[in-house]
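Read through the structure below, which is laid out as structure tokens, and then see the notes.
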Amino acid sequence: MNKRPVAVSGIAIVLGMIGATLVLLSLGAILAAEQSAGWMGIIFALLGVLCLALAYGLFALKSWAWPMGIAMVVISALAALLSAINRGTLAFLVLSLAPAILLLGGLFLPDVRKAFGRNGRSK
């Protein structure tokens, strides 16, 4: 069994907190009287459950967690980019993309890749 790198534990804990927060926020939005808030609640709930599943997978070093993490980071970065384009500010773009870039960098650390059965170097 592979030893879990500290970076994986940190990423899993942060994702778990984000997931739990999204699920709690979704409950408020779903219970709101407005239909649009209800839809946002459903989206928040789905994202929260995905974050919680990814946090579990990373913490347990499941083989599916590494590619799922990469996919979620890429989707998150694209969403941040689209939001920044709508808002038109460089500061918003930097603040939105920074977490995704840090997470992506963490997932590509050699010890993290090795823990998930990926080779330490990209070809």
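Values for this structure:
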| quantity | calculated |
| --- | --- |
| Residue count, segment 1-26 (criterion: surrounded by 13 or more Cβ atoms within 10 Å (Cβ to Cβ) and not in a helix (DSSP H, G or I)) | 2 |
| Unique residue being in contact with a Leu (Cβ under 7 Å, 6 or more places away or on another chain), part of a helix (DSSP H, G or I) and either of a type in the set (Gly, Ala, Ser) or buried (at least 19 other Cβ atoms within 10 Å of the Cβ) (or both) when the list is Ala98, Ala55, Ala29 | Ala55 |
| Any chance Val49 is at pLDDT 85 or above and closer than 16 Å to Val14 by Cα | yes |
| Residue list for segment 58-69, filter: in a helix (DSSP H, G or I), hydrophobic (A, V, I, L, M, F, W, C) and surrounded by fewer than 19 Cβ atoms within 10 Å (Cβ to Cβ) | Phe59, Met68 |
| Ala80 modelled with pLDDT under 90, within 16 Å of Gly16 (Cβ to Cβ) and buried (at least 18 other Cβ atoms within 10 Å of the Cβ) | no |
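Condition check ((1) over 17 Å from the mean Cα position of the chain (by Cα); (2) touching a residue at least 24 places away in the same chain (Cβ under 8 Å); (3) over 22 Å from Phe108 (Cβ atoms)) across all residues:
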residue: Ser26; (1), (2), (3): no, no, yes
residue: Phe44; (1), (2), (3): no, no, yes
residue: Leu50; (1), (2), (3): no, yes, no
residue: Leu61; (1), (2), (3): no, yes, no
residue: Trp66; (1), (2), (3): no, yes, no
residue: Phe92; (1), (2), (3): yes, no, yes
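The values are calculated or read from the model by the stated rules, or taken from the named source; none is laboratory data. Bear in mind the structure is a predicted one, so any value in this text is a computation, not a measurement. Using ideal geometry, Cβ is built from the backbone for each residue, glycine included, and neighbour counts are taken over all protein chains shown.
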